[in-house]
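> Once you've had a glance at the structure underneath, I'll fire off some questions.
Where a number appears in this text, it was derived from the coordinates with a stated rule and is not lab data. For clarity, every value in this text was computed on a predicted model and none was experimentally measured. Here the Cβ positions follow ideal geometry from the backbone for every residue, glycine too, while neighbour counts run over all protein chains shown.
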Amino acid sequence: MRVMKKKIWIHKNEVIESLVIAEGSKIKFYSHTYLVRERSRGWRPYVKWDNWEGQPHVDKFDANETLIEQKPCNEKGLEEVIKLVKIFRRNLITMDLSQL
Amino acid sequence: MYVNIKKIKDPEIVIEEFQDQYGTINSLSQRVSISKCTTKNEMEDLMVWKYLKSGAVFEEEIVLHNSDIFDVLTPKRMELVDYLTKNKASSIRKLSEAVHRNYKNTYDDLLALEKMGLVEFKRSGKSRIPISFVIRVETVFEH
């Protein structure tokens, strides 16, 4: 079993924090969060993809880090999340991510 | 081009940090069951704790994709990381003496390295002990 934590700096003030727990080649749990650093607030999550309790879904958060939307979506690997974040960045918050 | 930094932290240390922060795994589990998966850090810490308890290996990586890489990874800062991977420093002052630098510059560089996740601080009385779990820094050129 392996617990893998990754922090990917996309920009000076934007990161993806990823946690993947794998047993052999099987992924038991994942959580990939896009965070943005804001001057007055520090780091805050924008969008998070995870499969808590085996349910792949995507969450969006407001400026107070309160959940504002949760939708089911396909399982997301880190590479796919990096690609989405690099393309859409802060616009992700306004998009329908369950369709991506 | 990007820089890939690999860290290895003893699972026992990670579990100790969780105990300091949350008390027991059961109390963290209760907090997560109330908030469900909406509190990112608590949910992730619970999963990490659960699997480390069962003997999982813990690996950490930091990937720097942006062009500001070398603003952070200056030679002087990398010298500090290099020193800390090979030696123990009982305080920031001791570290600054060991690398023949003044306290203020050493302290500022350690804070910058902490922000990027290359250095951590452990409290011991009034002292902050700088530690680094970095084992490899790799520059990757993409074709």
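> If you take the C-alpha gyration tensor of chain A, multiply each eigenvalue by 5 and take the square root, what semi-axes do you get, largest first, in whole Å? If you can, show how the numbers build up before the last one.
Numbers: eigenvalues 94, 50, 31 Å².
Over the Cα atoms of chain A, the semi-axes work out to 22, 16, 12 Å.
> In the structure displayed, which of B:K6/B:K94; A:K7/B:K7; B:K9/B:K50; A:K86/B:K6; B:K6/B:K50; A:K83/B:K9 lie more than 18 Å apart, Cα to Cα? Write down the numbers at each step before the final one.
Values: B:K6/B:K94 26 Å; A:K7/B:K7 11 Å; B:K9/B:K50 16 Å; A:K86/B:K6 22 Å; B:K6/B:K50 23 Å; A:K83/B:K9 28 Å.
Those over the limit are B:K6/B:K94; A:K86/B:K6; B:K6/B:K50; A:K83/B:K9.
> Additional query: With an 8 Å Cα cut-off and a minimum separation of 6 or more residues, compute the relative contact order for chain B in percent. Walk me through the numbers on the way to the answer.
Values: 157 pairs, mean separation 53.2, N = 143.
Value for chain B: 37 percent.
> Treat region B:4-63 as a sphere of radius equal to its Kirkwood radius over Cα pairs and apply Stokes-Einstein at 4 °C in a medium of 1.567 mPa s; give the translational diffusion coefficient in µm²/s, rounded to a whole number. Spell out each step's value before the answer.
Details: Rh = 12.2 Å.
Calculated translational D: 106 µm²/s.
> Another one. With a cap of 11 neighbouring Cβ atoms within 10 Å, and only residues DSSP puts in a loop, list the chymotrypsin sites (Phe, Trp or Tyr not before Pro) found in region A:10-54.
On the way: sites: A:F29, A:Y30, A:Y34, A:W43, A:Y46, A:W49, A:W52; in loops: none.
Listed in order of number, the matching sites amount to none.
> What is the Cα coordinate range of the protein assembly as shown on the first, second and third principal axes, sorted by size from largest, in whole angstrom?
On the principal axes, the protein assembly as shown reaches 56, 43, 38 Å in Cα extent.
> Using the Kirkwood formula on the Cα atoms of region B:67-131, what hydrodynamic radius do you get, in angstrom to one decimal? Display every interim value, and only then the final one.
On the way: mean 1/r = 0.0848 Å⁻¹.
For region B:67-131, inverting the mean 1/r across all distinct Cα pairs yields 11.8 Å.
> Shifting gears a bit: Could you list the chymotrypsin sites (Phe, Trp or Tyr not before Pro) in region B:93-143 that lie in coil according to DSSP, counting only those with at most 11 other Cβ atoms within 10 Å of their Cβ?
Working: sites: B:Y103, B:Y107, B:F121, B:F133, B:F141; in loops: B:F133, B:F141.
Qualifying residues, ordered by number: B:F141.
> Starting from the Cα of A:R37, step 7 Å toward the Cβ, then list every residue of region A:13-27 with an amide N under 11 Å from that point.
It comes to A:13-15, nothing else.
> Could you give the C-alpha radius of gyration of chain B expressed as a fraction of 2.2 N^0.38 Å, taking N as the number of residues it contains? Could the numbers behind the result be given before it?
Details: Rg = 17.4 Å, N = 143, 2.2 N^0.38 = 14.5 Å.
Relative to the 2.2 N^0.38 Å estimate, chain B comes out at 1.20.
> Let me check against my output: what whole-number percent is the relative contact order of chain A, with C-alpha pairs under 8 Å and at least 6 apart?
Details: 184 pairs, mean separation 17.1, N = 100.
That works out to 17 percent.
> If you don't mind, there's one more thing I want to ask. Per residue of B:19-27, what is the mean number of Cβ atoms on other protein chains within 10 angstrom of that residue's Cβ?
Working: counts 0, 0, 0, 0, 0, 0, 0, 0, 0.
So the per-residue partner count for this stretch is 0.
> Counting only C-alpha contacts under 8 Å and six or more residues apart, can you give the relative contact order of region B:67-131 as a whole percent? Please list the in-between numbers first.
Details: 55 pairs, mean separation 22.9, N = 65.
After rounding, I find 35 percent.
> Still on this structure: Enter the Cα centre distance for the pair region B:9-78 and region A:1-72, rounded to the nearest angstrom.
12
> Under a 10 Å cutoff between Cα atoms, tell me which one of A:S18, A:S31, A:S40 has the largest fluctuation in the Gaussian network model of chain A.
Most flexible of the set in this elastic network: A:S40.
> Oh, and also: Loop only by DSSP, 14 or fewer other Cβ within 10 Å of the Cβ. Give me the trypsin sites (Lys or Arg not before Pro) in region A:1-30 that pass, ordered by residue number.
Details: sites: A:R2, A:K5, A:K6, A:K7, A:K12, A:K26, A:K28; in loops: A:K12.
Here the sparse-neighbourhood loop sites are A:K12.
> Give me the angle, in degrees from 0 to 90, between the Cα long axis of helix A:78-88 and the longest principal axis of the Cα atoms of chain A, rounded to the nearest 10.
Here the helix axis deviates by roughly 20 degrees.
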